[in-house]
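For reference, the structure discussed in these notes is given below.
The values are calculated or read from the model by the stated rules, or taken from the named source; none is laboratory data. No experiment lies behind these values; they were computed from the predicted model shown. Cβ: placed from backbone, ideal geometry, glycine included. Neighbour counts: every protein chain shown. Side chains are part of the model used for accessible areas, which takes the heavy atoms of the whole protein and leaves out ligands, DNA and RNA. Shrake-Rupley method; radii C 1.70, N 1.55, O 1.52, S 1.80 Å.
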Amino acid sequence: MGSFAPAPEPEALYDTLFRAAAEGDADCGGLLSVNYLAGEELAGLARGRPLFTRAPDARLTLANFMCAQLASALCTLALGLRDLAAGGVKIERLTAHGGFFKTPGVGQRMLSAAAGGTPVTVADTAGEGGAYGM
């Protein structure tokens with residue numbers, strides 16, 4: 001049996017995967033990730049149905065897979081912001097913190113896209129704060 005390279009440190013692995021997500025197609029290559037482990041009223045789901053799927057012609061790459069995973073983490077927030085906008089609430093900017101924003105620019109750009117292009121500020125110490133959504 002051959003030897004295996006040591007596993008990367010978790011921080012380096014997450015950084016690599018987040019950077020890969022930034023290279024994904026705008027539509028995540030046609031991949032779909034549903035991340036609900038439990039029901040979600042806002043999404044109209046009584047029970048969770050974690051799922052990853054793709055169409056036969058989808059582009060299954062690491063970049064698109066990670067893009068779909070990160071986008072799915074923001075989907076309920078996007079639904080809530082859409083409902084606020086429909087109620088006349090205008091969000092001028094967001095300030096983000098938590099591990100989702102530790103890799104510079106990636107989580108920030110994805111959150112901005114999920115929030116309809118709303119500017120997102122991330123402090124240098126954002127990755128040291130509490131969990132996203134906390």
Taking the condition among the hydroxyl-bearing types (Ser, Thr, Tyr) and open to solvent by 60 Å² or more (accessible area, probe 1.4 Å), does THR103 pass?
-> no
Quick count over segment 1-56, residues being assigned to a loop (DSSP other than H, G, I, E, B), open to solvent by 90 Å² or more (accessible area, probe 1.4 Å) and either closer than 21 Å to ALA113 by Cα or in contact (Cβ under 8 Å) with a residue 12 or more places away in the chain (or both), is 5
Checked against (1) within 18 Å of the chain's Cα centre (by Cα); (2) closer than 28 Å to GLY127 by Cα, THR53 satisfies every condition except (2)
Tally time: how many residues in segment 14-52 are in contact with a strand residue (DSSP E or B) (Cβ under 7 Å, 6 or more places away or on another chain) and of a type in the set (A, V, I, L, M)?
-> 4
In segment 110-121, the residues that are assigned to a helix (DSSP H, G or I) and either buried (at least 19 other Cβ atoms within 10 Å of the Cβ) or touching a helix residue (DSSP H, G or I) at 6+ places or on another chain (Cβ under 7 Å) (or both) = MET110, LEU111, ALA114
Look at GLY80 and say whether it is in contact with a Lys or Arg (Cβ under 8 Å, 6 or more places away or on another chain) and part of a helix (DSSP H, G or I).
-> no
Examine segment 90-99 for a residue that is over 12 Å from the mean Cα position of the chain (by Cα), surrounded by 14 or more Cβ atoms within 10 Å (Cβ to Cβ) and over 22 Å from CYS28 (Cβ atoms), and state whether such a residue exists.
-> yes
Unique residue being open to solvent by less than 40 Å² (accessible area, probe 1.4 Å) and of a type outside the set (D, E, K, R) when the list is LEU74, LEU84, LEU62 = LEU74
